[in-house]
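Nothing in this text is a laboratory measurement; each read-out follows from the coordinates by a stated rule. Everything numeric here is computed off the predicted structure, so don't read it as measured data. Counting neighbours? That spans all protein chains shown, and the Cβs are built from the backbone with ideal geometry, glycine included.
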Amino acid sequence: MDHLTIKLQHPTEFDGIRRDTLTLRAPLVRDMRLASRQAPNDAEERELILFGILAGVAPKDLEGMRFTDYKRLQDSYFRLVSARPDDRTPAESADEATGAGTALPAL
């Protein structure tokens, strides 16, 4: 899965435009590193920065969202970064069975 579009229950202004959807793309390692560099000691700020990067909006605009919509954004992010059983290759399934190939936490 490369991206997910989230339908907002409460349209919100992003970059001066009122929108009722946001589309998140799947994160790259560089996105994670950039967010970590910009907010090394603040997990909430790091998440806002990362979500802003992935949605192509200013992190400050995300703060203006209703929390119910923000929660949907968080849930969509975790869907993007989680490997569903049917998405795994046989090698990944074997690694899971042996405990090999553990990944870094998403955020």
With r defined as the distance between the Cβ atoms of ASP42 and ASP75 and R0 fixed at 30 Å, what FRET efficiency is calculated, to the nearest 0.05? 0.90
Can you check what the net charge comes to around ARG46, using other residues whose Cβ is under 15 Å from the Cβ of ARG46 (Lys, Arg +1; Asp, Glu -1)? -2
Residue by residue through region 20-26, which ³J(HN,Hα) values in whole Hz follow from phi under the Karplus form 6.51 cos²θ - 1.76 cosθ + 1.60 (θ = phi - 60°), with glycine and proline marked x? 10, 9, 10, 10, 9, 9, 5
Please list, in chain and number order, the residues 5+ apart from ALA26 or on another chain whose amide H is under 5 Å from its amide H, with Hs placed from the backbone. HIS3
Label-point gap, in nm, between ASP15 and ASP2 - each point 7 angstrom along Cα→Cβ: 1.9
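Could you compute the net charge surrounding GLU13? Neighbours are other residues with a C-beta less than 13 Å from the C-beta of GLU13; K and R count +1, D and E count -1. Let's see the in-between values first.
Values: positive: ARG18, ARG19, LYS60, ARG66; negative: ASP15, ASP20, ASP61, GLU63, ASP69.
So the surrounding residues net to -1.
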